[in-house]
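Below you'll find the structure, written out as structure tokens, and then a few comments.
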């Protein structure tokens, strides 16, 4: 009976993680819509909603520590809970970047953007898939899915480098637009970071399933040599 | 006798955290020296050394989980270990930013910088004190020290905003230097982020000593309402 409760608690934990993943995905999406549409209310709302992301992080962390304390999990379960503790931090950072992008939106004010944001949307389309696959791979303990999602980060890095070249050359040609390009480049940088966090999540899934982590957890002295 | 071993293990954990704090401080310092002196070897070395930071993170995490599993700490000890688990993630991110700055150094190549980096050094001087105080406040459970260190982030934010204005106006006036200014602004952004992570550490110390965290950890259901 105890075991059933434990499994239920574990499932509840994973459900919360999925919920948090979907919340931060929405946050990133809204921060881009707000930027493109110069929607300062949506930008402010996204900043405000980050406290919900932080609250979920803290709640999931508490659940993880609580499970470790009360249930003394070993092997796979302990690996999963440890991975969960790390993943939640990456999700929270992704949420922070949605807030960062919204702050740039607000600092840009109500002026219409002179530049197209198509390329930033390409980032988001990939990030959306990558993030979903990363979290799905954790829930399903699917190492192959995690490995494939991890590879998407290369595409994101390339998109960022291309955007960077374009921003630098545009700012040099039209100095009046330098500030706007610097801001948009910063947005691109945040999206590139979101990709890094999604990659971290994939790596935690791989660790968690292949067991490297727990092997050294069982014998921490070995790590020090 | 068991208690003594436990106290020793806890002390060992805190010592490692101090060691890691001093390592990431060195990493940030070296990344700036490499940038200013166009020292590509030092930049590469800093990037290489980030694996040491990552290794320490993983090791401290394992020690934390191991202590929770084997010793079932409650109250202050549990709060301290939970805070330790979070602080180590912030330190690792600071290490990542030293790597990021070093990567910018390398991408700038061997060309001499046309701009002075005095202002970036001002960032570092404050960050160094803030980081040390943040970690000391954790080790000494000193909430006042944590609160004072936390305030330094305001100064760092102001320095960043000033540097940003200067970079945008300089890039607009001299389009040929736009790329260099964009890179230096990115370095300033990373330093500003380091300040955010140091601020996080202070907040964890405050949580850990005042006990808000553990209060809800004991009763996670309350958090959901």
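Each value in this text was obtained by applying a stated rule to the coordinates, not by laboratory testing. Quick caveat: nothing in here was measured; it's all calculated off a predicted structure. A quick note on method: Cβ atoms are made from the backbone with ideal geometry, for glycine too, and the neighbour counts reach across all protein chains shown.
Given the range B:128-179, what whole percent of its Cα pairs are spread farther than 14 Å? That fraction is 63 percent.
Ordering A:136, A:154 by the number of other Cβ atoms within 10 Å of each residue's own Cβ, fewest first, gives A:154, A:136. Angle of helix A:143-173 to the longest C-alpha principal axis of chain A, folded into 0 to 90 degrees and rounded to 10: 20°. The other copies place their residue A:48 label points at 5.2 nm from this one, listed shortest first, where each point is 7 Å from Cα along Cα→Cβ.
With no solvent and one point per C-alpha, what does the Debye sum give as log10 I(q)/I(0) for the range B:1-113 at q = 0.10 Å⁻¹? Normalising to I(0) and taking log10 leaves -0.38. Compared with the dominant Cα axis of chain A, that is its longest principal axis, helix A:178-210 is turned about 20°. Just checking the listed ones, B:74, B:205, B:88: in the Gaussian network model of chain B with Cα springs under 10 Å, the one fluctuating most is B:74.
Taking the label point 7 Å along Cα→Cβ, residue B:210 and its counterparts in the other copies are spaced 4.3 nm apart, in ascending order. Give the angle, between 0 and 90 degrees and rounded to the nearest 10, that separates the Cα long axis of helix A:2-37 from the longest principal axis of the Cα atoms of chain A. Approximately 0 degrees, to the nearest 10. If the segment from residue B:55 to residue B:128 were pulled out straight at 0.36 nm per residue, it would be longer than the present Cα-Cα gap by 24.1 nm.
Projection of the Cα convex hull of the protein assembly as shown, averaged over all directions and equal to a quarter of that hull's surface, yields 21.2 nm². With neighbour counts taken as other beta-carbon atoms within 10 Å, the residues B:110, A:19 rank, fewest first, as B:110, A:19.
Contact order for chain A, expressed relative to its length and based on alpha carbon pairs under 8 Å spaced 6+ residues apart, stands at 26 percent.
Exposure proxy shown here: for B:129, A:24, B:143, the number of other Cβ atoms within 10 Å sets the order, fewest to most, as B:129, B:143, A:24. Kirkwood's formula applied to the C-alpha pairs of the range B:76-225 gives a hydrodynamic radius of 17.0 angstrom. Dividing the summed -39500 (n - 2.57) terms of all DSSP H runs of n ≥ 4 by the residue count of the protein assembly as shown sets its mean residue ellipticity at 222 nm at -31500 deg cm²/dmol.
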